[in-house]
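**Student:** Sharing a structure, written as structure tokens. Questions coming.
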Amino acid sequence: MRMSWIPIMFAMSFPALAEPSVDGLVSVPSARAVAETSGQLESLVRARGLTVFTVVDHAAGAASVGQALRPATLIIFGSPKGGTPLMQCAPSLGLELPLKMLVREDAEGQTRIEYNDPRWMAARYHAQ
């Protein structure tokens, strides 16, 4: 089972996503703010026929307990149609599903899109 549909599908809208990962983490800069980038990413996910299960605003969570955190939004998404065959091939892949992408602001104020490299996941779970 190939995992080609996993976040690589975003490469057409975010060309830098084709960059190799470091330790399984892909981190891609975005020219837009966290909120705008997150909104575009959610729209892309839905346009690909995937379900956005939830969106977690980590900065809002931190603020709710009186702490500060740079903007950071976690988008959790997927599809049983795509995920089920992956888990049939490698059941432990359920630890990675549904898929997640983090949109965050780094220390320099740069927005970054981060996710687990699908090639790394395939190798980790021997699901090539």
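Read-outs: derived from the displayed coordinates by stated rules, not from any lab. The structure displayed is predicted, hence computed values, not measured ones. All Cβ positions, even for glycine, are placed from backbone atoms using ideal geometry, and neighbour counts span all protein chains on display.
**Student:** Give me, ordered by chain and number, the residues 5 or more places off S30 or on other chains with an amide H under 5 Å from its own placed amide H.
**Tutor:** T111, R112, I113
**Student:** Using packing as a proxy for protection, rank 74-87, 49-62 so that the peptide with the highest average count of other Cβ atoms within 10 Å comes first.
**Tutor:** The peptides rank, most packed first, as 74-87, 49-62.
**Student:** Just to be sure I understand the model, the point goes 7 Å from the Cα along the line to the Cβ. What's the resulting A68 to R32 distance in nm?
**Tutor:** Rounded to a tenth, the inter-label distance reads 2.7 nm.
**Student:** Mind listing the phi-derived Karplus ³J(HN,Hα) values for the range 83-97, rounded to whole Hz, using 6.51, -1.76 and 1.60 with θ = phi - 60°, and x for any glycine or proline?
**Tutor:** The phi angles translate into x, 4, x, 5, 6, 5, 6, 9, x, 5, 4, x, 5, 9, 9 Hz.
**Student:** Restricting things to Cα coordinates, could you compute the convex hull volume per residue of the range 57-106 in Å³?
**Tutor:** 87
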